[in-house]
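One structure is given below, encoded as structure tokens.
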Amino acid sequence: MFTPKQRQLILKVVLSLILGAPFILNAQIHHVVLDAGHGGKDPGAVAFNTQEKDVALSVTLKVGKLIEKHLPTVEVSYTRETDKFVELFQRAKIANSQEADFFISIHANAASNESARGTETFVLGLHRNDANLEVVRRENAVISLEGGYEQEYVDITSPEAQILLELHQQNYLDQSIQLASLVENRFINHAGLKSRGVKQAGFLVLYKTSMPSVLIELGFLTHREECVFLASETGQNILAESIFFAFRDFVEKNASNNQGKTIDPETTNRIEEVDNTPSVGSGTTYKVQLFATGKELPSNHAIYSVFNSITTEAVGSLSRILTESTSSRAEALRWIGQAKAAGYEDAYLVTYLNGIRQ
């Protein structure tokens, strides 16, 4: 059941253990495979007349265009570029056959609890709680649409699967977590979204890949306001930018670690132009994002009893509700405590550099 590349990896790891030498992955990124979840006869999650397969494809193609434009030395491939059905094992097979350096699978979430919202990025591992298991079951369920799928997949808890999980954890996990963390940070600081964090779970599409890989859940279609954002052109652009920024940061860091340069040297200054946040002055300043809403904030809203001065930023059909700006990080952190004490548990710090939200 192991692919040739997986067998080669096992051999390298075993030899490294016998010889007492560390096994080191090639950290430079020259080729990424982008995977738009679901497609064709498999719509994925469906809510409020929005299908996961459409959101995933749109965001994936936008991410690819940004990489192609601003990271010209990184080759981009796709598991699908149209609305077609692709088996999970075929998605991984595409990445493995092209010996890609990274695999990014993009999805949208759903839950029976309609108040559930936020982004989350998964790396391969054992799902350790019921919430993660619910996501895994939904995303893995697509194999029931595949003919003869019993021959292509193994039980994720089997000894064979455990061996491969160990290999991923030993050799791919650090890079996978590194990118996953950058993605979630960008979702917070660029998109202004609630992050549910980086998690591990047994996704079959990640299990079959032979490279560092992540699975990104963009948000919950079953949350009405979040679905409006996910379905909008503006929302999809912001999500794609966030993923690109994270990937760019990852490529830069790994290129620097290898004393090489794999990116366009003007990328850092040029790409930030996609953020249209108005200038609030020079240098580094801070705000606290309190919440987002799809409705106009009334003048008697309870937030005014906590903060006298409130600012707003439009994001598609939503408005980010923030405190005023301050040049003191310590003051902004005190505001976070003040907000949470008043019941705004999702409050978080936002940094601006020369007026541009980071």
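Out of (1) at pLDDT 85 or above; (2) within 24 Å of residue 224 (Cβ to Cβ); (3) surrounded by 15 or more Cβ atoms within 10 Å (Cβ to Cβ), what's the single condition that is false for residue 323?
Condition (2) is where residue 323 drops out.
Taking the conditions exactly as written (modelled with pLDDT under 95, closer than 17 Å to residue 251 by Cα and not in a strand (DSSP E or B)), does residue 72 satisfy them or not?
Judged against the criteria, residue 72 is a match.
Yes/no matrix, rows are residues, columns are (1) modelled with pLDDT of 85 or more; (2) assigned to a helix (DSSP H, G or I):
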| residue | (1), (2) |
| --- | --- |
| 239 | yes, yes |
| 245 | yes, yes |
| 250 | yes, yes |
| 268 | no, yes |
| 278 | no, no |
| 288 | yes, no |
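Scan segment 307-332 residue by residue and report those that are within 27 Å of the chain's Cα centre (by Cα), touching a residue at least 40 places away in the same chain (Cβ under 8 Å) and in a strand (DSSP E or B). Give the derivation first.
Of segment 307-332, the ones within 27 Å of the chain's Cα centre (by Cα) are 312-323, 329, 332.
From what's left, touching a residue at least 40 places away in the same chain (Cβ under 8 Å): 313, 315-318, 320, 329, 332.
Once the filter is applied, which keeps residues that are within 27 Å of the chain's Cα centre (by Cα), touching a residue at least 40 places away in the same chain (Cβ under 8 Å) and in a strand (DSSP E or B), segment 307-332 yields 313, 315, 318, 320.
If residue 335 satisfies all but one of (1) under 23 Å from residue 235 (Cβ atoms); (2) assigned to a helix (DSSP H, G or I), what's the number of the condition it fails?
(1)
Of a type in the set (S, T, N, Q) and within 20 Å of the chain's Cα centre (by Cα): which single residue out of 73, 119, 82 fits that description?
Result of the check over 73, 119, 82: 119.
The values are calculated or read from the model by the stated rules, or taken from the named source; none is laboratory data. Not measured: the values here are computed from a predicted model. Counting neighbours? That spans all protein chains shown, and the Cβs are built from the backbone with ideal geometry, glycine included.
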